[in-house]
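Encoded as structure tokens, the structure appears first; notes follow it.
The values are calculated or read from the model by the stated rules, or taken from the named source; none is laboratory data. Because the structure is predicted, anything quoted here is derived from the model rather than measured. Positions of Cβ are generated from backbone atoms using ideal geometry, with glycine treated the same way; all protein chains shown enter the neighbour counts. For accessibility, only protein heavy atoms count, side chains too; no ligands or nucleic acids. Shrake-Rupley method; radii C 1.70, N 1.55, O 1.52, S 1.80 Å.
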Amino acid sequence: MFVCINNISRGGSKESLALLFMAMDRTFETKLNQGKPFVILVKQCLADYGYEAKSVPLSEEHKGDLHVTDRLTGERFYLEVKADSSIANTHNMYIELRVDRNGKKSDGWYHYDYSRIAVVDSSAKVKNPVNQKSIYIIDWEKMKTELDLDDSRCKRIRHLVDGNYNTALLVPLRYIIARGWLLDEYFYDANDWRRAVEEAKN
């Protein structure tokens, strides 16, 4: 539960602020734990395709979740992992523009300087190894440079997420492909997902 700083009395300010930061830490830790299987999943899939991926330390925040090396060419890049049900259900990529938390606005991940993004189709769990789902690798630097936030082909939405209002942009997948922002598409199945979930528990 978050504490509103505006309502903190002088006598209890230190205690209330401590509670606030503890709540924020718990929220951050929860988000990390929720995203961990997806990061591991992408790491596993990239390994199958000849890439070496290492987790990025928290000290290198806003660069991405994984530092990837192409074993064939030696090319290196950062990769941010985003679990996204919109890309499967509506064929749109969800881009967070702004977060309104307790009346305070902060920049969404659109404003971060990622190199590439892996968008994991996370709409529903894959049932068996025959059914496959997609991981879309997107050139984020190019997309961010060329994307017009007021483009009529994209839809701006405002909705409630974890008690906070998010402003986001839904960008059609077909538009991403047409503009050349999609670098590659990898696939995963139920076995891949199970392995990622098990590894995330350790």
Next on the checklist: For region 93-108, check the following and say yes or no: at least one residue is more than 16 Å from A53 (Cα to Cα), hydrophobic (A, V, I, L, M, F, W, C), surrounded by 18 or more Cβ atoms within 10 Å (Cβ to Cβ) and modelled with pLDDT of 95 or more.
Outcome noted: yes
Checklist entry - Restricting attention to region 61-73, which residues are open to solvent by less than 50 Å² (accessible area, probe 1.4 Å) and polar (S, T, N, Q)? => result T69
Checklist entry - Pairs under 9 Å by beta carbon, first residue without any contact (Cβ under 8 Å) to a residue 24 or more places away in the chain in region 72-93, partner in a loop (DSSP other than H, G, I, E, B) and surrounded by fewer than 17 Cβ atoms within 10 Å (Cβ to Cβ), six or more apart or different chains? => result L72/G50
Checklist entry - Which condition breaks for N166 when tested against (1) part of a strand (DSSP E or B); (2) polar (S, T, N, Q); (3) at pLDDT 95 or above? => result (3)
Next on the checklist: Looking at R116, R158, R174, can you tell me which residue is surrounded by fewer than 16 Cβ atoms within 10 Å (Cβ to Cβ) and modelled with pLDDT of 95 or more?
Outcome noted: R174
Next on the checklist: Whether any residue in region 149-166 is within 19 Å of L66 (Cβ to Cβ) and in contact with a strand residue (DSSP E or B) (Cβ under 6 Å, 6 or more places away or on another chain) is what I want to check.
Outcome noted: no
Checklist outcome for this item: Over region 119-140, the set of residues modelled with pLDDT of 95 or more and either in contact with a Cys (Cβ under 9 Å, 6 or more places away or on another chain) or open to solvent by 60 Å² or more (accessible area, probe 1.4 Å) (or both) is I135
Item to check | Lone unmet requirement of (1) within 22 Å of E80 (Cα to Cα); (2) open to solvent by less than 60 Å² (accessible area, probe 1.4 Å) for E146 | outcome: (2)
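Take region 74-87 and flag every residue that is open to solvent by less than 30 Å² (accessible area, probe 1.4 Å) and over 11 Å from the mean Cα position of the chain (by Cα).
F77, S86, I87
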Next on the checklist: Here is a check on your reading of the model: is E185 surrounded by fewer than 12 Cβ atoms within 10 Å (Cβ to Cβ), acidic (D, E) and without any contact (Cβ under 8 Å) to a residue 60 or more places away in the chain?
Outcome noted: no
Item to check | Flag if R179 is farther than 17 Å from E96 by Cβ, open to solvent by 60 Å² or more (accessible area, probe 1.4 Å) and touching a Pro at 6+ places or on another chain (Cβ under 8 Å) | outcome: no
